[in-house]
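Remarks on the structure that follows.
The values are calculated or read from the model by the stated rules, or taken from the named source; none is laboratory data. Here the structure is a predicted model, which is why all the values come from computation and not from measurement. Ideal geometry is used to build each Cβ from the backbone, glycine not excepted, and the neighbour counts take in all protein chains shown. These area figures cover heavy atoms from the full protein model, side chains too; ligands, DNA and RNA do not enter into them. Shrake-Rupley method; radii C 1.70, N 1.55, O 1.52, S 1.80 Å.
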Amino acid sequence: YSTFKAVNWLYKPLGTNYTILGDNDKAIAIYQKAIAIKGDNESLSGLYANIGIAYWNKGDYSTAEKNYLKGLSLSDISESKRGLLLGRLAETMLDLGRTDEAARTATEAIRLLRPDGPDDTRTLEYRARARRIAGLANTKQGKFAEAERLLLGALSDDRASSGDTSREVGKDHIALSKLYLQKG
């Protein structure tokens with residue numbers, strides 16, 4: 001059916017549900033089938049982000065990084081999607097121990113992630129994650145004032161996008177706790 005958008009209506013939601021359920025191998029297979037359909041670069045970049053997330057969940061950081069870079073290599077993608085990919089890439093770099101690179105990459109993601117308004121919850125969520133990663137990287141670097149500024153920004157974004165009791169707000173509090181422990 002020419003009007004049936006299989007990638008957006010079938011493959012992305014199905015892959016996301018497999019990821020949420022922890023069946024990352026099935027999610028990866030679904031996303032790869034979606035890539036084979038050859039959609040526009042905006043959709044493809046999102047699929048590469050989703051594949052990267054599934055590999056990251058499995059602890060395969062190098063393959064996650066490769067997929068984020070594939071998504072970033074595509075032309076004509078939105079700043080929001082580029083920011084998502086950079087934020088996820090920064091998280092992977094941090095997990096691989098590349099703290100300085102992670103801080104720079106997360107900062108670039110934050111620069112790109114400018115919400116259109118308070119209803120732009122997706123961009124707020126992406127920016128919150130990038131701020132949290134940048135804050136954690138700055139904590140490891142001993143740049144405590146900058147880390148606190150970034151982590152409080154992440155907390156503000158997460159509260160604005162999903163309320164005060166979301167899991168992401170909890171992650172922000174954990175990151176702030178790590179900062180305060182590091183500071184002594």
Listed by chain and number, the lysines with an alpha carbon less than 23 angstrom from that of Lys66, same-chain partners under 8 positions apart left out, are Lys12, Lys26, Lys33, Lys38, Lys58, Lys81
Residue span Ile174 to Gln141: 0.36 nm per residue of separation minus Cα-Cα distance leaves a gain in nm of 10.1 nm
Here, chymotrypsin sites (Phe, Trp or Tyr not before Pro) of the range 1-87 satisfying both criteria (DSSP loop; at most 16 other Cβ within 10 Å) are Tyr1, Phe4
Quick calc of log₁₀ I(q)/I(0), the range 87-184, Debye, one scatterer on every Cα, no solvent, q values 0.24 1/Å, result -1.21
The chain, Gaussian network, Cα under 10 Å: of Leu112, Leu74, Leu94, the residue fluctuating most is Leu74
Taking Cα atoms only, Rg over Rh for the chain with Rh from the Kirkwood formula is 0.99
Sorted by accessible surface (1.4 Å probe, heavy atoms of the protein chains only), largest first, Lys171, Lys140, Lys81 come out as Lys140, Lys171, Lys81
So, for the Cα atoms of the range 1-79, Rg and Dmax in Å stand at 12.1, 38
Share of accessible surface on carbon and sulfur in the chain, whole %, 1.4 Å probe and ligands ignored, is 51
So, relative contact order of the chain in percent, Cα under 8 Å, 6 or more apart, is 13
Taking a probe of 1.4 Å and leaving out DNA, RNA and ligands, the range 100-158 shows per residue an accessible area in Å² of 47
Highest GNM mean-square fluctuation among Ile110, Ile35, Ile53, for the chain with Cα springs under 10 Å, belongs to Ile35
Counting Lys and Arg as +1 and Asp and Glu as -1 over every other residue whose Cβ sits under 12 Å from the Cβ of Lys81, the net charge comes to -1
Gyration tensor on Cα atoms of the range 30-131, a ≥ b ≥ c root eigenvalues, a/c under 1.5 rounded, else prolate if a/b beats b/c, else oblate, says oblate
